[in-house]
Amino acid sequence: GSWAHQVDGASATMLIYQEFLNWATFCDSKALTVNILIEKSQDLWNALRPIEGCGRGKVILRGTRFAAICDAPTNPVQLFSVGNIKQDSFREEFLDLGGRANAIEVTFTNKDKNYQRDTLTVYAADYDAGATVKNPTQITLDGITTAAQAYKEAAYRLRLNKYLTRTVSFDADVDAIACQVGDVILVQHDVPQW
């Protein structure tokens, strides 16, 4: 009268379950879904790629356990300043704005067209109808089956393209690092004076 569950493969203890739950909650809040059939033998990382692309996240290894990070807004976990950045290692790079794409062509499997491949072109918010499309980017999102979600993903990536304008890099001693991959950090330094 009771249920017995048999699990084949890796043990569930190899997952940091809370991080996958956080990712799932983020996907639910943004109405992000993945509709995919994995029908060929491939390694884990290639099988995860279309799922990660549709879910704005990434599966990573934390030691010997699998964890997940996603592009959900979070609070900063650490401040890096001149006190814990190695001297003369701070570098700020401004990204080229001239060659950026102002349109994305999304290829996806459209369920409204009997699951045939379809392409949707999405233009940036500041695109002028009289302007020419410069450097259109093509992406394929295999786990998306609706035009609405394909449009939403393209618009999200165009916003990333617009607002990611600079990067910083620096060195720090290992004992000064209390953050992990995917964490939001604060940076203060005398070179850019912020």
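The values are calculated or read from the model by the stated rules, or taken from the named source; none is laboratory data. This one's a predicted model, so the numbers in the text were calculated from it and none came from an experiment. Here the Cβ is made from the backbone with ideal geometry for all residues, glycine too, and neighbour counts use every protein chain on show. The protein model used for the area step is the full one, side chains on, heavy atoms only, and it has no ligands, DNA or RNA in it. Shrake-Rupley method; radii C 1.70, N 1.55, O 1.52, S 1.80 Å.
For this structure, a couple of remarks:
- Residue under evaluation Ala150, criteria (1) crowded, with 16+ Cβ neighbours inside 10 Å; (2) free of Cβ contacts under 8 Å to residues at least 60 places away in the same chain; (3) touching a helix residue (DSSP H, G or I) at 6+ places or on another chain (Cβ under 8 Å), criterion not met: (3)
- Selection count, segment 167-194, where residues are open to solvent by 70 Å² or more (accessible area, probe 1.4 Å), modelled with pLDDT under 90 and not hydrophobic (A, V, I, L, M, F, W, C): 3
- Any hit, segment 177-187, residues being over 15 Å from the mean Cα position of the chain (by Cα), more than 30 Å from Leu37 (Cβ to Cβ) and of a type outside the set (A, V, I, L, M): yes
Residues checked against (1) within 16 Å of Gln18 (Cα to Cα); (2) without any contact (Cβ under 8 Å) to a residue 60 or more places away in the chain; (3) out of contact with any Pro (no Cβ under 6 Å at 6 or more places or on another chain):
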| residue | (1), (2), (3) |
| --- | --- |
| Lys40 | no, yes, yes |
| Ile51 | no, no, yes |
| Phe66 | yes, yes, yes |
| Gln78 | no, no, yes |
| Lys86 | no, no, yes |
| Ser89 | no, no, yes |
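- Residue count, segment 156-183 (criterion: of a type outside the set (Gly, Ala, Ser), in contact with a strand residue (DSSP E or B) (Cβ under 9 Å, 6 or more places away or on another chain) and assigned to a loop (DSSP other than H, G, I, E, B)): 7
- Odd one out for Leu158, checked against (1) under 30 Å from Gln78 (Cα atoms); (2) open to solvent by 60 Å² or more (accessible area, probe 1.4 Å): (2)
- Only one entry of Asp118, Asp128 meets the criterion of being modelled with pLDDT under 85 and over 19 Å from the mean Cα position of the chain (by Cα), and that entry is Asp128.
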